[in-house]
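One structure below.
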Amino acid sequence: MIRQGTTSLIDTCVWMPTSLEEAWDLKKKYGENAAFIAGGTLMQTHWAKGLNCPSHLISLDHMNEMKGWGEELVNGQTYTRLGAGITLDFCRQNKNLFHPLLVEAAKNIAAPAVRNRGTIGGNIANGFGDMIPALLAMDAFLTLYDGNSTHSLPLSDYIKTNNQSLIISVLVPEDQTKRFFYKKLCHREAFTPSVITVAGSFNLNEKRKLTAVRLALSGGSTHPQRLYESEQLLEGSTLTNNHLQKVYQVINEEFIPSTDPFSTATYKRLVASNWVVSEIARLAT
Ligand SMILES: Cc1cc2nc3c(=O)[nH]c(=O)nc-3n(C[C@H](O)[C@H](O)[C@H](O)COP(=O)(O)OP(=O)(O)OC[C@H]3O[C@@H](n4cnc5c(N)ncnc54)[C@H](O)[C@@H]3O)c2cc1C
């Protein structure tokens with residue numbers, strides 16, 4: 001462990017642990033006065049807004065378990081493993097390594113300088129990142145460390161709790177057959193938190209029925225959500241105008257966005273319902 005010293009401005013210690021156990025013990029030792037930091041791109045926005053910087057920052061930069069990528073076989077299914085420390089830009093630039101839906105999501109996050117530093121782990125852990133809907137649409141799993149053990153958890157379960165574990169990696173099923181979409185609405189091209197981010201995926205079988213439907217949404221101040229009821233309504237269906245109208249209504253009822261100073265929840269529901277229905281109709285024809 002290297003103690004990097006203190007910053008002259010805010011008297012913060014930056015710790016550089018080299019193992020998960022060390023990182024966890026530091027957090028336990030300093031508690032509320034400490035935070036894990038990966039790229040720091042989100043955390044710096046908090047300090048810029050006047051929030052106090054923790055007096056101990058525990059850098060995840062030297063955590064080998066969070067680096068790299070590869071293939072993993074879990075219960076007979078092949079997954080792509082992405083270390084939590086992979087940057088958004090690395091993901092964006094490597095179409096040959098990663099699923100196109102992930103690449104598409106990474107492309108739509110922030111500007112190059114932020115993508116160069118910002119990590120996938122940080123994007124997920126902050127709870128509102130734009131990678132989350134894409135990963136939910138792909139049935140991604142997380143590998144987590146909770147101070148006792150390393151274990152896997154579906155991302156769809158992770159987002160339901162205030163999980164404080166360290167994210168070690170993300171496991172994404174290697175399924176290139178699914179049709180997918182990803183759309184993000186912002187107030188302007190450069191960074192402002194997304195108003196709404198929508199991702200979805202499904203298979204279309206030989207009878208032109210939709211199967212394995214996944215719909216996920218989030219946005220700025222809106223907590224990520226899977227639309228289970230709407231997915232169920234689409235599962236096994238063939239698309240007709242009447243059915244799409246019903247799906248539109250159910251999304252409108254099921255999606256619970258927040259209202260923020262610039263966009264109402266009603267507006268967000270309208271955009272989400274329109275986007276999902278039109279993307280599914282486009283991809284299923
Ligand atoms: C100009 C600008 C534009 C941005 N645009 C977007 C955007 O369009 N979409 C978007 O989603 N985000 C955006 N962001 C926010 C941010 O850059 C990204 O979400 C980024 O992926 C965060 O990753 P990071 O490594 O920098 O996280 P950090 O800032 O280092 O950490 C964020 C949080 O995650 C925790 N954390 C980090 N890694 C782990 C881990 N492995 N395990 C457990 N906890 C961890 C930290 O403790 C902290 O609470 C933007 C930020 C800026 C400054």
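What follows draws every value from the coordinates through simple rules; no lab data is involved. None of the values given here were measured: they were computed from a predicted structure. With ideal geometry, Cβ positions are generated from the backbone for all residues, glycine too; neighbour counts draw on all protein chains shown.
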Among L82, M43, P112, whose Cα projects farthest towards the positive end of the dipole of region 1-126, with charges put on the beta-carbon of Lys, Arg (+1) and Asp, Glu (-1)? P112
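Which FRET efficiency value, to the nearest 0.05, is calculated for H187 and Q93 with the Förster distance at 30 angstrom and r the Cβ-Cβ distance? Working shown, then result.
On the way: r = 27 Å, r/R0 = 0.89.
Plugging the Cβ-Cβ distance into 1/(1 + (r/R0)^6) gives 0.65.
If you take every DSSP beta bridge fully contained in region 2-62, what fraction is antiparallel? Give it as a percent rounded to 5. Don't skip to the end; give the middle numbers.
Values: 3 of 10 bridges.
Taking every DSSP beta bridge within region 2-62, about 30 percent pair in antiparallel fashion.
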Straight-line reach check, K209, cutoff 16 Å on alpha carbons, 8 or more apart in-chain or any other chain, hits among lysines -> K178
Mean separation of Cα pairs under 8 Å and 6+ residues apart, divided by the residue count of region 2-62: what relative contact order is that in percent? 43
Comparing A84, A125, A212, which has the greatest mean-square fluctuation in the GNM of the chain with Cα pairs linked when under 10 Å apart? A212
To the nearest 20 debye, what charge dipole does region 2-62 have about its Cα centre, counting +1 at the Cβ of each Lys and Arg and -1 at the Cβ of each Asp and Glu? 140
Region 164-231: Kirkwood hydrodynamic radius (Cα pairs, Å) comes out at 14.2
With charges only on Cβ, +1 for K and R and -1 for D and E, what is the dipole size of region 179-283 about its Cα centre, in debye, rounded to 20? 280
Select from G39, G118, G50 the residue whose mean-square fluctuation is largest in a Gaussian network model of the chain (Cα-Cα springs shorter than 10 Å). G50
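Treating only the Cβ atoms of Lys and Arg (+1) and Asp and Glu (-1) as charged, compute the dipole magnitude of the chain about its Cα centre; round to the nearest 20 debye.
On the way: 27 positive and 26 negative charges, 156 e Å.
In total the dipole reaches around 760 debye.
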The farthest towards the positive end of the charge dipole of the chain, of the residues F181, I159, N242, given +1 on Cβ of Lys and Arg and -1 on Cβ of Asp and Glu, is N242
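When the expected Rg is taken as 2.2 N^0.38 Å, what fraction or multiple of it is the alpha-carbon Rg of region 65-173?
Numbers: Rg = 12.8 Å, N = 109, 2.2 N^0.38 = 13.1 Å.
In units of the 2.2 N^0.38 Å rule of thumb, it is 0.98.
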Please enumerate, by chain and number, the aspartates and glutamates with C-alpha under 18 Å from the C-alpha of K184, excluding those fewer than 8 residues away in the same chain. D89, E104, D130, D260, E279
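Starting from the Cα gyration tensor of region 1-107, multiply each eigenvalue by 5, take the square root, and state the resulting semi-axes largest first in whole Å. Kindly include the intermediate steps, with their values, before the conclusion.
On the way: eigenvalues 190, 65, 23 Å².
That gives 31, 18, 11 Å for the three semi-axes.
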Share of Cα-Cα pairs in region 81-135 beyond 16 Å, whole percent, is 28
Take the Cα atoms of the chain, build their convex hull, and give its volume per residue in Å³. 135
Can you give me the distance in nm between label points at D157 and A113, each placed 7 Å from the Cα along the Cα-to-Cβ direction? 4.1
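Based on the inverse mean of 1/r over its pairs of different Cα atoms, what is the Kirkwood hydrodynamic radius of region 179-283, in Å? It would help to have the intermediate numbers written out before the result.
Working: mean 1/r = 0.0718 Å⁻¹.
Value: 13.9 Å, from the Cα pair sum.
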Can you run phi through the Karplus equation (6.51, -1.76, 1.60; θ = phi - 60°) for region 250-257 and list ³J(HN,Hα) in whole Hz, with x for Gly and Pro? 5, 4, 4, 7, 7, 6, 10, x
If the chain between E72 and K28 were fully stretched, how many nm would it gain, using 0.36 nm times the residue separation less the Cα-Cα distance? 12.7 nm
Per residue of region 147-164, what does 6.51 cos²θ - 1.76 cosθ + 1.60 with θ = phi - 60° give for ³J(HN,Hα)? Whole Hz please, x for Gly and Pro, Karplus curve as stated. x, 10, 8, 9, 8, 9, 8, x, 4, 4, 7, 4, 6, 7, 10, 8, 6, 9
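Among D61, D130, which comes first, second and so on when ranked by fewest other beta-carbon atoms within 10 Å? Spell out each step's value before the answer.
Values: D61 16, D130 24.
Listing D61, D130 from fewest to most nearby Cβ atoms yields D61, D130.
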Roughly how tilted is helix 20-30, in degrees to the nearest 10 and between 0 and 90, from the longest Cα axis of the chain? 70
If the cut-off is a Cα-Cα distance under 16 Å, which lysines reach K183, setting aside same-chain residues fewer than 8 apart in sequence? K107, K268
Which of P17, P112, P100 moves the most in a Gaussian network model of the chain with Cα springs under 10 Å? P112
Given labels modelled 7 Å from the Cα in the Cβ direction, how far is it in nm from T150 to N242? 5.4
Between R208 and D61, what is the spin-label point distance in nm, taking each point 7 Å from the Cα along the Cα→C-beta axis? 5.6
Report ³J(HN,Hα) in whole Hz for each residue of region 200-213, in order, from the Karplus equation J = 6.51 cos²θ - 1.76 cosθ + 1.60 where θ = phi - 60°; Gly and Pro get x. x, 8, 6, 9, 10, 7, 5, 8, 6, 9, 7, 9, 6, 6
